[in-house]
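The values are calculated or read from the model by the stated rules, or taken from the named source; none is laboratory data. Given the structure is predicted, the values throughout are model-derived calculations rather than measurements. In case anyone asks, the SASA skips ligands and DNA or RNA and just uses the protein heavy atoms, side chains included. Shrake-Rupley method; radii C 1.70, N 1.55, O 1.52, S 1.80 Å.
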Amino acid sequence: MSTNIARAASVTIVLFTALTLTHAAFVDYRSTTGGDKLLGQMSYLQNRKFGVETSSLSFERDSWRGQVRQRWTECGLCCGVYELLVRMKGGPTRARLLALLAAVPKNKLQLANESGIDWKAVDRHVERMLEFGLVQVVATAGTCTIYAITEKGARALALAESCKD
């Protein structure tokens with residue numbers, strides 16, 4: 001009889017642990033700043049990606065509305081470029097790299113030395129800006145590639161700097 005009770009207790013403990021871990025996988029217990037509202041795990045990760053604090057009731061692209069959207073779309077820029085330069089954590093760094101490229105075309109090592117950040121981080125930022133057409137390759141000699149800002153990148157840089165204000 002005592003083995004049945006021990007077996008039932010161990011099964012209960014295993015089930016309770018499994019349910020608790022399953023629940024913890026779906027719920028993130030970090031609360032918003034100063035509030036009692038709980039963010040879901042996906043909302044938390046999305047907010048962390050963009051480096052902003054929003055409530056779970058807000059829409060994903062709150063700041064991509066009205067005059068901001070109108071100014072960016074009139075310049076031929078999409079929401080992805082806006083998020084890349086303004087909303088994401090790396091946005092200020094990308095804007096600084098674009099500003100450095102606006103003066104004189106440079107390679108990634110020169111950008112890393114002038115901006116004071118790691119070469120590999122510059123590599124990732126430049127690759128992302130290449131995907132969106134903000135920078136272009138102007139020359140390649142051996143393993144050295146020179147990058148310059150595009151017209152689209154110059155427009156995006158001007159709008160990103162106006163969004164800071």
Requested in this report: For segment 96-154, just say rounded, prolate or oblate: build the C-alpha gyration tensor, square-root its eigenvalues into a ≥ b ≥ c, call rounded for a/c under 1.5, and beyond that prolate if a/b exceeds b/c, oblate if not.
Outcome: rounded
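Rank ARG71, ARG87 by accessible area, highest first, at a 1.4 Å probe radius?
On the way: ARG71 90, ARG87 30 Å².
Result, largest first: ARG71, ARG87.
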Query raised in the report: Using the Cα gyration tensor of segment 67-165, with a ≥ b ≥ c the square roots of its eigenvalues, what is the shape: rounded (a/c below 1.5), prolate (a/b larger than b/c) or oblate (neither)?
Result: prolate
Requested in this report: Report ³J(HN,Hα) in whole Hz for each residue of segment 138-152, in order, from the Karplus equation J = 6.51 cos²θ - 1.76 cosθ + 1.60 where θ = phi - 60°; Gly and Pro get x.
Outcome: 9, 7, 9, 10, x, 9, 8, 10, 9, 10, 9, 6, 8, 4, 4
Query raised in the report: ILE117 accessible area, nearest 10 Å², 1.4 Å probe?
Result: 40 Å²
